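The values are calculated or read from the model by the stated rules, or taken from the named source; none is laboratory data. Since the model is a prediction, treat every value here as computed from it, not as a measurement. All Cβ positions, even for glycine, are placed from backbone atoms using ideal geometry, and neighbour counts span all protein chains on display. For the accessible areas, the whole protein counts, side chains as well, though only heavy atoms, and no ligand, DNA or RNA atoms are used. Shrake-Rupley method; radii C 1.70, N 1.55, O 1.52, S 1.80 Å.
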Amino acid sequence: AQKVTQAQTEISVVEKEDVTLDCVYETRDTTYYLFWYKQPPSGELVFLIRRNSFDEQNEISGRYSWNFQKSTSSFNFTITASQVVDSAVYFCALSEGGSSNTGKLIFGQGTTLQVKP
Amino acid sequence: ETGVTQTPRHLVMGMTNKKSLKCEQHLGHNAMYWYKQSAKKPLELMFVYSLEERVENNSVPSRFSPECPNSSHLFLHLHTLQPEDSALYLCASSPSTEPFRDSPLHFGNGTRLTVT
């Protein structure tokens with residue numbers, strides 16, 4: 001069965017610290033997609049990144065970076081030099097890549113990140 | 001104007017009431033979704049519509065009734081809800097239900113529902 005685990009329920013850091021949010025997934029599919037979403041207090045989920053299972057290249061976007069390792073079924077997210085505006089709940093999600101997929105994202109429990117000034 | 005708009009933002013209803021949640025997307029997408037976010041639980045997919053046809057009903061109780069009159073609008077009709085139905089209901093859209101080759105889901109701000 002598919003499953004996404006975000007073991008860190010809450011993380012608190014001081015501004016300018018680096019922080020890594022962990023995500024471990026389970027799937028039997030060879031083709032799948034992994035996502036990170038950010039949910040600020042306003043409620044909407046904001047898409048951050050999508051990675052397909054055939055692309056293990058790490059990615060950097062400004063202060064954000066993602067480390068995808070199929071060997072450990074992990075897709076971790078690092079924020080460098082964190083800022084107060086990064087405070088939010090972050091969700092990791094998994095989707096099958098087959099044609100039967102109808103948009104079903106399997107979400108982790110989410111990690112609440114608090115960045116203090 | 002945001003891509004996906006949900007109204008109302010907050011709703012309090014009694015167990016015998018009937019109410020509806022509305023979602024509108026301005027992105028030209030063909031697929032729309034309802035997700036439920038309960039406290040301490042992962043987001044759960046409820047319904048998927050593709051080109052106004054329901055393509056997935058994820059074992060949702062019949063007291064939740066979706067409606068998709070066109071590709072831009074999605075409703076969730078609620079009746080005789082239970083207190084455990086209190087949650088954040090999120091609407092999302094995507095260009096199609098193809099497995100995310102080109103675009104991820106775009107979410108609205110959600111409706112915070114409280115059932116008393």
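Scanning the range A:102-116 for residues that are open to solvent by 20 Å² or more (accessible area, probe 1.4 Å), at pLDDT 95 or above and either within 14 Å of chain B (Cβ to nearest Cβ) or part of a loop (DSSP other than H, G, I, E, B) (or both) yields one hit, A:Thr112. Within this structure, B:Thr114 fails the test of being modelled with pLDDT under 90 and not acidic (Asp, Glu). Annotation: of all residues in the range B:39-57 being outside any strand (DSSP E or B) and within 30 Å of A:Gln6 (Cα to Cα), the one that is farthest from the other protein chains (Cβ to nearest Cβ) is B:Ala39.
Among the residues of the range A:74-89, the ones that are in a loop (DSSP other than H, G, I, E, B) and either crowded, with 16+ Cβ neighbours inside 10 Å or free of Cβ contacts under 8 Å to residues at least 24 places away in the same chain (or both) come to 2 in all.
Yes or no, residue by residue, for (1) in contact (Cβ under 8 Å) with a residue 12 or more places away in the chain; (2) open to solvent by less than 20 Å² (accessible area, probe 1.4 Å):
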| residue | (1), (2) |
| --- | --- |
| B:Lys36 | yes, no |
| B:Glu44 | yes, no |
| B:Ser50 | yes, no |
| B:Asn57 | no, no |
| B:Pro61 | no, no |
| B:Pro66 | yes, yes |
| B:Pro95 | yes, no |
| B:Thr111 | yes, yes |
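Every residue, every condition in (1) of a type in the set (A, V, I, L, M); (2) at positive phi; (3) in contact with an Asp or Glu (Cβ under 6 Å, 6 or more places away or on another chain); (4) within 11 Å of chain A (Cβ to nearest Cβ), yes or no:
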position: B:Val4; (1), (2), (3), (4): yes, no, no, yes
position: B:Val12; (1), (2), (3), (4): yes, no, no, no
position: B:Met32; (1), (2), (3), (4): yes, no, no, yes
position: B:Ser59; (1), (2), (3), (4): no, yes, no, no
position: B:His73; (1), (2), (3), (4): no, no, yes, no
position: B:Pro83; (1), (2), (3), (4): no, no, no, no
position: B:Ser93; (1), (2), (3), (4): no, no, no, yes
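For the range A:1-60, filtering for residues that are assigned to a loop (DSSP other than H, G, I, E, B), within 14 Å of chain B (Cβ to nearest Cβ) and free of Cβ contacts under 8 Å to residues at least 24 places away in the same chain leaves 7.
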